[in-house]
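Read through the structure below, which is laid out as structure tokens, and then see the notes.
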């Protein structure tokens, strides 16, 4: 079948037309024909051969990459009752151990032995993918496939907003990539009274302004940063925002976040800093009485219920606006080139075209 | 009256016998005769003239130091009904603004404009202290004055255990000073199935072992550190402890804490690192799905109810064991010398003796 | 001054022009000129001489009734710094004891010794009212006085939605009076994916449909009731709604609520049944694994922050639509007649007109 | 094999020696040799042919009864990796649908389609039982089989204490049967400052007094009831206990609970009233600002981790004290006779003897 592979520690990915088609092996397997799949930030890191990822992937190489997708069930194992051929589905690509304290208590997103398809095992940049039945999520028939293609990323945004209640709160979002823009809209849909968002890319900020952000700040200049901090502090009863979502992973955003959040505020971290960062824990976390939430993956499967519910509650238009590029799978390089240049929002591949 | 003053940015403190006796001025003031008061870590920093503290205290100098105490009410303002002369009391020495979002929503410990008596204004290393009536906490008559002298510190330990539920959990405590030892006992009283504690001082670890710690680890050696990490990881369903309380402020403890905690675990920070620390947020917080709580002060006044309740639930013997030294106020230097040498647990002054 | 009094256990209220004008007595008092005030359901019960209320009010009779209002500060006691003459304000009319465990831990709405102005002491159906400074809430200058007149009731609706998170949830609201309609809008603003509302008054349901309710059900007929239950159950993964808000106090609504809520769902009770009700605790609460929240008053003062935040987040148009009638204070009987007939939503009095 | 059956709607149970031995059928089945099993209150209701239960069991009759047990794995299906022959285990006997919103979000205890083994399908009053692998819980080798026999009931007690934090709280427990006594001990182990317990059986109260209850009240007399209420109310800052656990299901206990709990307190319901009860929702739940938790089953599998952790934290001696009678399976009638007379605590059957 057609697939995009990581075959060696070298930079880049390769397209093939004769990857082995995965099959239903276990009684609980589900085979899905991939209708649409999307590039995630991690895929970019895989393309660039980030050493940690390359090291992790090496035992499985060549690996079919990709972990965001939707498709149609084409075959199921003998024990599978929760979906059937013809169903329109997506799937959680974190394969959980099922045995650790997190898996056994409803916190499988923090499983101690997660296997991620598209990294540790074959993923979905391909015509077909096989997943355990428990990981399958049935989708409404009328959900556009281009949107269903990146529910995994939508789930990251939704999960980021999950540990905090933002009803009537001021929320600052650091980073206006797709997750930041979706996060802005989710925050507004969830009752935030004001959403402030920062980035260094004015185009992204302009899109965010159309999708929930009440104020945007280009923090590429010191003046912009100062305007952001000043705005955050201009609530005299709080002198800072109630909640900060850090989605950029950028060191300077970490400086901003500890300045912009109020005493007793909440911080949610999803963006991945490339390097260790130096933080004044005493002044900025302990004396501030902050609560900080590190976010990994999607809650299994609370996040999936929640994202489908939020789509019904008004998130869909924002999701559609995230889709900036679509290609057949063989043109994967065009899609990656766009993301490597820092352009576009969600780039979709359609393996069937 | 007798008092211990910080009179200048120079190192050390001075004893005086003619500090002005504070008086009931506002209708809501309460004047208390100090029966016993205790040295806190912050007092040591004030003694050493930590630059941040000295800078903060300068406008108020000379300042009566000290902020942990108990005593007897001797006079109250005209509007005060919640206590009266003769009552045995302690008091919260964080004076809150009453106006910010935290004060107005039951989170005054994170008040944006706190004044701390003993730092920003006159404290309790003296014969008398005056506080707002709302800050007064009435005490059971049979609570030993030596224990009542450091409820402020007990409250720090209690507050540290407040944002987490430790029922049936494994808890690691980093730092076996008085707050660590009290924390170990509180964790056990609150249902922890196992409490592990670390320090570099074997004497402190031995005391902790008598007061709730199930296992102690001298992390002064690499072997000791490794034994600690290995023990934390030896639960195959979690590969780490559920909850870590960081009470040392030591950089190496921060390394331990991110190794010893399990995926999806909880971290509570109370110890104050002297310098900014470098942390791998991606690997150690985000990918681990941690929740981190910075702890400041005591919840007003939930923590005070909670500590009196825990004393009734079995904490008292541990508290009594914390009292290692007692002096009249004029011998304050002896008390500070002990703490400066890193000896003793709680050092009590009795201004009336 | 002008005021509406409950002077005797007899039915009805009386208008007077020579009620004694309340004055600033304590150093912490604030005197407010009432600009607008609104009829609450409790005022109707007072009018009707509900025996419990009459019994409670008797010691204070004649009592100035009314407890929802906004106005302008005209005088403040010597200790008051948090507001000043000229400020546009409302006030929490539950006067808390300040001493109980609830008051001292941020849960003053459940104070064990609350005095309610307008019941236990003089209220705001008058030209002036005096309240403790701590109870005053400053308002944005541009908030319409007709809306500010019933923040107390808005706060009931906001408080009802506070113990539950409705993000992506299905919510059923039983009772489409003003609090039900506001609750529908607040639920939608807070991320609910679907809001269902019931009443026996089609006119109210039609208004609710314009303010957040996705589906309305006239449960005056058995057919309507069944349609409601069926719709609640038509989610195959839940067979019931996630959250129910009971705002009617009607016995038949209690039947509906235990049928419409899903296993493991949440129930919030604000409506006041007039009589004890018979409930199958085993089948309907225990085996269903429900959580039930009784709601009293407004959280002090979290609810006030929250309602001002929600107004900023989009609640204002709904609030304006609640104002159906306005009268000068002397025409109070017209206002009460409307409510006694079950007509109108919020009836406003303007004592200055 | 030997088994105790419910074969008809008639009262009583029957012992057989030739029940069909259950076999591993699905790849995920686990077959367990029952080492010890215990009578639960539901088994008594089955014995008495409670109409609801009889109606529910009819389609499956004859049904092997019983749902609390421990044993040794003797065979596993081909996909099972989480346990193996020889393992000492217990199992959750609620078989969950795996598909509903509760199952998919870590709240399977409230599954909308639960099958209970011992009611809807064959249970464990037998030599062998087969369960899905996911329901198996491995046990420490040194846990006494007599205690491991009733982990299901221990889990009910643990679950009851789960939605509330009792650290430093006053807790009232209504009903001093096995779950009440275990609840008292768990409350104390979890930090309660005072545990009050009521019953009409003085013998049970005496046992409770040895296992965590600070005060016991025989509410068989009006004087005893009044003493209980008075004691609950004698905290002047609360005028009631913080938390009430209702474990009796008795109508008069429901009267007590609404009197003994403080404003803003928490109520947990596990005991099963036989009839609908009449409650003053307005006065007793809404105006009191209560939160009420209905408890069903055990959290899957948080409760199982928690009970093993609490055993390690000090619960074991209390559990051992619950075992008052042991019989071989053929003497089941003796065991039931004891419970039918209201005597004994946990009655254990050992099918292998």
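Quick note: the coordinates plus some simple rules give every number you see, no bench work behind them. Just so we're clear, the structure is a prediction, and the values are computed from it rather than from any experiment. Don't worry about glycine lacking a Cβ; one is built from the backbone with ideal geometry, like all the others, and counts go over all protein chains shown.
When all alpha carbon pairs of the range B:241-309 are counted in 5 Å bins from zero, the resulting P(r) reads 4, 15, 24, 23, 14, 10, 8, 2, 0 %.
As a rough footprinting exposure proxy, the listed residues B:68, C:222, D:330 were ranked by other beta carbons within 10 Å of their own, and the order from fewest upward is C:222, D:330, B:68. Using only the alpha-carbon atoms, how far is helix A:178-189 inclined from the longest principal axis of chain A? Give it as 0 to 90 degrees, nearest 10. So the inclination is approximately 60 degrees. Inter-chain neighbour count for B:166-173: the average number of beta-carbon atoms from partner chains within 10 Å of each residue's beta-carbon is 5.
A P(r) calculated from all alpha carbon pairs of the range B:222-341, with 10 Å bins opening at zero, reads 11, 28, 31, 24, 6, 1 percent. Scaled against the 2.2 N^0.38 Å expected of a compact globular protein of N residues, the Cα radius of gyration of the range C:1-49 reads 1.38. Here is how far apart the residue C:21 label points are across copies: 4.5, 9.1, 9.7 nm, shortest first, using a point 7 Å from Cα toward Cβ. Evaluated over the Cα positions of chain D, the convex hull gives a direction-averaged projected area, one quarter of its surface, of 17.3 nm².
A helix-only calculation puts chain A at -7500 deg cm²/dmol for mean residue ellipticity at 222 nm, using -39500 (n - 2.57) for each DSSP H run of at least four residues, averaged over all residues. Measuring nothing but alpha carbons in the protein assembly as shown and taking Rh as the Kirkwood radius, the Rg to Rh ratio lands at 0.96. Cβ crowding within 10 Å, taken as a proxy for footprinting-reagent exposure, orders B:55, C:67 from fewest neighbours to most as B:55, C:67.
Rounded to whole Å and sorted largest first, what semi-axes of the equivalent ellipsoid does the C-alpha gyration tensor of the range A:156-309 yield via the square root of 5 times each eigenvalue?
21, 18, 16
With respect to the axis relating copies B and C by rotation, the chain B residue whose beta carbon is closest, plus that distance in Å, is B:106, 1.
The mean number of partner chain beta-carbon atoms within 10 angstrom of a residue's beta-carbon across peptide D:287-299 is 6. The mean of 1/r over all pairs of different alpha-carbon atoms in the range D:1-86, once inverted, gives a Kirkwood hydrodynamic radius of 14.3 Å.
Oblate is the label for the range C:82-127, because the ratio a/c of its alpha-carbon gyration tensor axes (a ≥ b ≥ c) is 1.5 or higher and a/b is not greater than b/c.
Compared with the dominant principal axis of the Cα atoms in chain C, helix C:222-233 is inclined by about 80°. Across identical copies of the chain, residue C:77 has label-point separations of 1.0, 7.2, 7.2 nm, listed in ascending order, with the point defined 7 angstrom from Cα along Cα→Cβ. Here the protein assembly as shown carries DSSP beta bridges of which approximately 55% are antiparallel, counting only pairs with both residues inside.
Label point of residue B:334 (7 Å along Cα→beta-carbon): distances to the other copies' equivalent points are 7.2, 8.4, 8.7 nm, sorted ascending.
In plain terms, the residue of B:63, A:137, C:129 with the fewest other Cβ atoms within 10 Å comes first and the most crowded comes last, giving A:137, B:63, C:129.
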